[in-house]
Amino acid sequence: MTGLMLSLVFFGACKKSRKNDLDHIDCSKINSVYSSNVKPIIDKNCLSSGCHNSGSTNGDFTTYAGVKAKVDNGSFDNRVIQQKNMPLSNELSMDDLKKIKCWLNSGAANN
């Protein structure tokens, strides 16, 4: 039982540490342009799975407007950055997460 508790504390600390990495990043050193850095991440991870294709009730990420709608209501940041439960494949690298976080921090422009 004690081993189980230690494992839970250890893994909880690791997960928290990963979140803190995103809270304290220097976005001046990260290229986070939507068209060249963020959209390819979305296309690869959100469209290829069929979850956010055109007409999807989950949100249509085939256009900037569709992504921006989820950004504006807070669900994009919540699901991708805070909870890290999107994409379902959970295949975003820390580098990808930093690009997305910096793009969100800079106002999520269509640039």
Report task. For segment 71-77, just list the computed ³J(HN,Hα) in residue order, Karplus coefficients 6.51, -1.76 and 1.60, θ = phi - 60°, integers in Hz, with x standing in for Gly and Pro. Result -> 5, 5, 8, x, 6, 5, 4
Requested in this report: Just rank Thr62, Thr57, fewest to most, by other beta-carbon atoms within 10 angstrom.
Outcome: Thr57, Thr62
Query raised in the report: Order of Ile42, Ile25 from fewest to most other C-beta atoms within 10 Å?
Result: Ile25, Ile42
Report summary line: Going fewest to most other Cβ atoms within 10 Å around each Cβ, His52, His24 line up as His24, His52
Report task. Figure the gain on full extension for Asn90 and Asn31 (residue separation times 0.36 nm, minus the Cα-Cα span) and round it to one decimal in nm. Result -> 19.1 nm
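Where a number appears in this text, it was derived from the coordinates with a stated rule and is not lab data. Note that this is a predicted model, so its numbers are computed, not measured. Neighbour counts are summed over all protein chains in view; Cβ atoms, including those assigned to glycine, are modelled from backbone coordinates with ideal geometry.
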